[in-house]
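Here the structure is laid out as structure tokens; the discussion comes afterwards.
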Amino acid sequence: QWLSWISIHDLVAALLHCLLNESLNGPVNVTAPMPVTNAGLADTLGRMRVAVPSVALVTVGTAVLAAFRTPTFAVLGLILFGVGFSGAFPALFAIVVDEAPEQERGTAMSSFNLYYDIGAPIGGYGVGELVDRAGFGVGFGALAALSAVGLVLLPVLIRPAAPSTFSPARWPAKHARR
């Protein structure tokens, strides 16, 4: 999945412009001239620097879904969850591969995908049962709690990657979307 790498300064300036310019109406897109993939971002910044904030977004997104019952908050929760998941999945996949001995990386990749492919429908069914029995807030609250546990354990269980500096201007042209 491609994303536009926006500096925090440009994002704040765009948000202020939107808030202060009353003539704007409807959605506003903020993009960058050289988008990157989530996997490429994890390769450049470091897996943990992408995985931890991504899992945090999953946690916050599911907590929003658990706590609020309005369509606006449902959309917000789903957006946060989706953005988090789209960063977490490739970063966590790469962490699993990095942590495996070289001769076992194929097994690590297939195991990661197998556990995800089995866990997603089982977890979906389990949360559905929990929602049926205890309510929407409890079901998504349980998901938020589980992802919060993962958020706490992730930096404890995985050694941190070497720090890296990233600048879209230095992003190799071969990674640019055509």
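The values are calculated or read from the model by the stated rules, or taken from the named source; none is laboratory data. Treat the numbers as computed from the prediction; the structure is a model and nothing was measured. Positions of Cβ are backbone-derived with ideal geometry, glycine not excepted, and every protein chain shown enters the neighbour counts. We work out accessible area using only protein heavy atoms, side chains counted, and drop any ligands, DNA or RNA first. Shrake-Rupley method; radii C 1.70, N 1.55, O 1.52, S 1.80 Å.
In the context of the full protein assembly, Asp98 retains an accessible surface of approximately 60 Å², using a probe radius of 1.4 Å and ignoring ligands and nucleic acids. Taking the 1.4 Å solvent-accessible surface of the chain as the whole, the part contributed by carbon and sulfur is 67%. Summary of the geometry: the stretch 61-133 and the stretch 2-39, compared by the centres of their Cα atoms, lie 26 Å apart. Which of Val131, Val152, Ser7 sits farthest toward the positive end of the charge dipole of the chain, with +1 on the Cβ of Lys and Arg and -1 on the Cβ of Asp and Glu? Selected residue: Ser7.
Fully extending the segment from Tyr115 to Phe136, taken as 0.36 nm per residue of separation minus the present Cα-Cα distance, adds 5.0 nm. With the biggest extent put first, the Cα atoms of the stretch 1-57 measure 41, 24, 19 Å across the principal axes. Working from Cα pairs under 8 Å separated by at least six residues, relative contact order for the chain is 29 percent.
Using the 1.4 Å probe convention, the accessible area of the chain works out to 65 Å² per residue with neighbouring protein chains retained. Modelled spin-label separation between Val75 and Val12, with each label point placed 7 Å from Cα along the Cα-to-Cβ direction: 2.7 nm.
Computed about its Cα centre, the charge dipole of the chain is approximately 320 debye, with only Lys, Arg, Asp and Glu carrying charge at their Cβ.
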